1. If one computes the Cα centroid of the range B:50-122 and of the range B:260-280, what distance in Å separates the two points?
2. Distance in nm between label sites at B:Glu182 and B:Glu132, each 7 Å beyond Cα in the beta-carbon direction?
3. Show A:Phe28, B:Phe218 ordered by accessible area, largest first, where the area counts protein heavy atoms only and the probe is 1.4 Å.
4. Can you give the local net charge around A:Gly66? Use residues other than it whose beta-carbon is closer than 15 angstrom to its beta-carbon, Lys and Arg +1, Asp and Glu -1.
5. Is there a simple number for the mean count of other chain Cβ atoms within 10 Å of the Cβ of residues in A:373-382, and what is it?
6. Compute the angle between helix A:356-369 and the longest alpha-carbon principal axis of chain A, please, reported from 0 to 90 degrees and rounded to the nearest 10.
7. If I model chain A as equal point scatterers sitting on the Cα atoms and use the Debye formula, what is log10 I(q)/I(0) at q = 0.06, 0.14 Å⁻¹?
8. On a full-extension model of 0.36 nm per residue, what is the gain between A:Asp356 and A:Ile264, subtracting their alpha-carbon distance, rounded to one decimal in nm?
Protein chains: 2
Amino acid sequence: MRDERSAGSLSAFHLDSVRPLIEVIREFGSISRSDLIERTGLSRAVVGHRVADLVERGLVASGNLGESTGGRAPRLLRFRAEAGHLLVADLGATGAEVALTDLAGRVLAQRSEKEDLDVAAGPETILGRIREIFEELQQEHGDAIGPLWGIGIGVPGPVEFTTGRVISPPIMPGWNQFPIREFFGGYGVPVWVDNDANVMALGETRAGCARGHDSVIFIKIGTGIGAGLIMNRRIHRGADGCAGDVGHIQVTADPNVVCRCGNIGCVEALAGGAGIARSAEQAAGDGRSAMLKGILAERGVLTAADVGWCAAHGDQASVELVTNAARLVGGVLATLVNVLNPSMIVIGGGVSHVGDPFLAAIRETLYGRSFPLATRALAIQPSTLGDTCGVIGLAAMVADQLFSREILGEWLPRGRPSAVAV
Amino acid sequence: MRDERSAGSLSAFHLDSVRPLIEVIREFGSISRSDLIERTGLSRAVVGHRVADLVERGLVASGNLGESTGGRAPRLLRFRAEAGHLLVADLGATGAEVALTDLAGRVLAQRSEKEDLDVAAGPETILGRIREIFEELQQEHGDAIGPLWGIGIGVPGPVEFTTGRVISPPIMPGWNQFPIREFFGGYGVPVWVDNDANVMALGETRAGCARGHDSVIFIKIGTGIGAGLIMNRRIHRGADGCAGDVGHIQVTADPNVVCRCGNIGCVEALAGGAGIARSAEQAAGDGRSAMLKGILAERGVLTAADVGWCAAHGDQASVELVTNAARLVGGVLATLVNVLNPSMIVIGGGVSHVGDPFLAAIRETLYGRSFPLATRALAIQPSTLGDTCGVIGLAAMVADQLFSREILGEWLPRGRPSAVAV
């Protein structure tokens, strides 16, 4: 199955030689030729030649007039984000956000599959459904969106980024080593796979509350707990793709706290959504909370959101559950701050919505336990992009892989194309 | 005071335009013009023009013949590291390592000041002495070394890298905000200041046991404990220059463990050299170790090295002290591994020499407490460069700042020169 839009009449387009130009034009939005020459260190002739190439392929256009520096005002060059599109899917434990974006990563259409995609159904089923949604999104948009340039998939588990394979994911049975990249091979465009917290961190850094920050920690507190790390403006993935797997930092030696990873005392087992729900069921059962007991009797199950609701409505046991969980998360964040000294922490994931007392208790513990110098300019904020965060981050990651140069060619991850067929 | 070698006859040399070329030539050692054109994405004419400029200024020379690809074998270009020199000084709490290196960071001469430089004497005294040693090293070498290109200073405290100032250093009284860069202004070359653990991490990554690794943690266990982090091949300094300040991670709630930073229960207070010595004095005092008691009676003081010696000679109490300290360090490293997923941990600093049981206990705790995926390919090794590690790292840092391009011009740290007078 080859997407028709990706099989245009142009031959393979050599990206390496134009990456430095595109990168600068993307970063500045609009830029004059003189500034482009200065910023890239390329000669006037080379810039002229390559800009002509980019204009011919539709990636760059002449835009508005810039400021005159004496003579005639220069015509600015701009990146034509509308010259093509990207397809991205951010998979969660039980649902997915799927989007079609332009080449600047702006979301043109988004589809939320909140509950119908249980990741445990296995890769063939889930990715097959994602491919159907991709095709629906493309059909809705027709030919107005230009050719497909790349695909990005976010998953809730560790990823070997160079091969696009999920490695030993604790909550994705059947996915270990599954060739996700090859699954979408029919599109004839490059496919990148990344961890969900990583792309959320990138999303907030590019388009959300962490914009302009070089060092950012995004902590996702949902059913599980994980973090995405932006260091020196890049995603830090680590040697095995499991950097930021902070849910399994040990916070208690209590042998009764067994984590789904098999270890004892992980922060996720106590302060993740499932952990909070478990503690709430205990509080309902042993009579500490009549409110929780009532909900449990009515619905047969309790969630972290129920605990947040009860805490907001004056239930003392729920306030304690929320505060205890937040203190554990705050302690882990204090360690992260001492180690990484970020300028911004963004808190996302379902549990982050349980209410202000949760964030307040996180902040209190974090400030109390961090090195003062590391917190003198630290900002802590809830995620601003919500359900769009992951797909925005995925599109930014794919666009970076397509259009950013790295410092040296050999640093390019394996599997990154030096040319694409468009 | 202006160094004569830095006031050559050439006018300011615009580095920005040649950085991409120098960077590739430095990385490859020797490279043909065709490969240089391919690697930089620059045109043949631009490469020819700029290489001629670099040859004229002595930074690049024609070297050996490369491999023929059919026609005449190409003459390879090589970076002339001997075209100039760098001066670097790595300050410790009580001593300093000072070196003169070539532009590739190879140490041409090194001076160890083991005990005569107590950092508490204040910046004017210490840096004045460093300047004297710089001049002695230059005089010994005469004019054979070419002009001075840059200066690097390593300090045992947090550094604001963009200004070169030390920020609230706990063990450097009188140094807060001292303008180190301006102190060396008379040399007329750029000056960079960095944290000692950061440059040690870079030293091992470029020239020691961590060569080829992208993500490296260097942990320095001396009087205090600190770490240097290499992420994606770069030093991660953090927003306030205190990334890697892991000595102040809390490992016990015991209120009797007071750290010099003022907080309670820091790992440094128990497992740093001073902490081990304090525990040893207790063990000598309460009769747990006759061996330590004997040394204390003879010398009036105990050090971590004494504990290591006693442990190696069968003293059970000393073995316990070493093992306990190592387990605490191992626990902190396990957290770092879960967060950062490095491929290499290098252990350095005076306390790392107390013996094999220390490293064995660190390893045991680290593997027991880390996420299995994060340790499947993790290497852990003692520092191989020893006393040269800091100065090698400093020279590499200065050479990087001079000759590496960043992804975009605006990402250059403030204070990095776009031109230098040579």
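1. 39
2. 2.5
3. A:Phe28, B:Phe218
4. Around A:Gly66, the surrounding residues sum to +2.
5. Mean number of neighbouring Cβ atoms from other chains: 3.
6. Once rounded, one gets 90 degrees.
7. Treating every Cα as an identical point scatterer, log10 I(q)/I(0) equals -0.28, -1.25.
8. The span from A:Asp356 to A:Ile264 would gain 30.2 nm if fully extended.
The values are calculated or read from the model by the stated rules, or taken from the named source; none is laboratory data. The shown structure was predicted, so the numbers you read here are calculated from the model rather than taken from an experiment. Counting neighbours? That spans all protein chains shown, and the Cβs are built from the backbone with ideal geometry, glycine included. To get the accessible areas, we keep the full protein, side chains included, count just its heavy atoms, and leave off ligands, DNA and RNA. Shrake-Rupley method; radii C 1.70, N 1.55, O 1.52, S 1.80 Å.
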